[in-house]
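Laboratory data are not the source of any read-out in this text; all were calculated from the coordinates shown. The structure displayed is predicted, hence computed values, not measured ones. Note: ideal-geometry Cβ built from the backbone for every residue, glycine included; neighbour counts use all protein chains shown.
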Amino acid sequence: MSNRLSPWSPAAAAAALLACAQAQAQEEPEHVNAFELTPFVGFMGGGEFEDPVDDSDRDLDEDTSFGLIANAAVDAWRHYELVYAQQGTTLDGATPTDMDVQYLQIGGIVSNPDSRYVIPYFGLTVGAARLSPDEPGLDDETKLSFSVAGGVRVPITDHFGVRLDLRAFVTLLESDGDLFCVSSSGLTCRIRAKSDTLLQYSAALGVTVGF
């Protein structure tokens, strides 16, 4: 009887099993959550107005922002998105005015289909911006706005991850008109758009929960 080892020795069998496992792992599809929610906190800056009385600048202070991003997957690398962001800030000027800025927009993102652990993405959304000054004689304004976004998604488990979102919000205004003033108030309006657009930028970090 020969003492030579069979080709199916334990070492060869282990190597074959490892090769099969690696091949199976490569063939397994990436896990995709049908829906994801990402509450976030961040920093928002930008936003320029002017005082029509003396043409001085009235800028929004940089301040903390927070909000929620809701995703619905088309496939592993495309998602529809609903974005809500809010900032409580102050409009500078001779008489500083507290102001809430809110964005509600819908759109989507596309991701790099070859990335699995750190996933860069690009996104576009469109919707509305609501500007709410906290001062008697001033009223809220709701304007058409859109945003351009980029960032990275980092899955930690199949249903949990983190997300870094960088975004520019662009709101359309009327540069030749006063803002927020109630016509019947009898007060001199001290806030006017500085250009046809209001530009704000944000950087936010969120925790993503998928299901």
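Can you classify the range 32-210 as rounded, prolate or oblate using the Cα gyration tensor, where a ≥ b ≥ c are the square roots of its eigenvalues, rounded means a/c under 1.5, and otherwise it's prolate if a/b beats b/c and oblate if not?
Note, shape of the range 32-210 comes out prolate.
For the range 32-210, give the magnitude of the charge dipole about the Cα centre (Cβ charges: +1 Lys/Arg, -1 Asp/Glu; no others), in debye to the nearest 20.
1040
If I take every Cα pair under 8 Å that is 6 or more residues apart in the range 32-210, average their sequence separation and divide by the length, what percent do I get for the relative contact order?
Details: 517 pairs, mean separation 42.2, N = 179.
In percent, rounded to a whole number, it is 24.
Can you run phi through the Karplus equation (6.51, -1.76, 1.60; θ = phi - 60°) for the range 111-118 and list ³J(HN,Hα) in whole Hz, with x for Gly and Pro?
Coupling constants for the range 111-118: 10, 6, x, 8, 9, 10, 10, 10 Hz.
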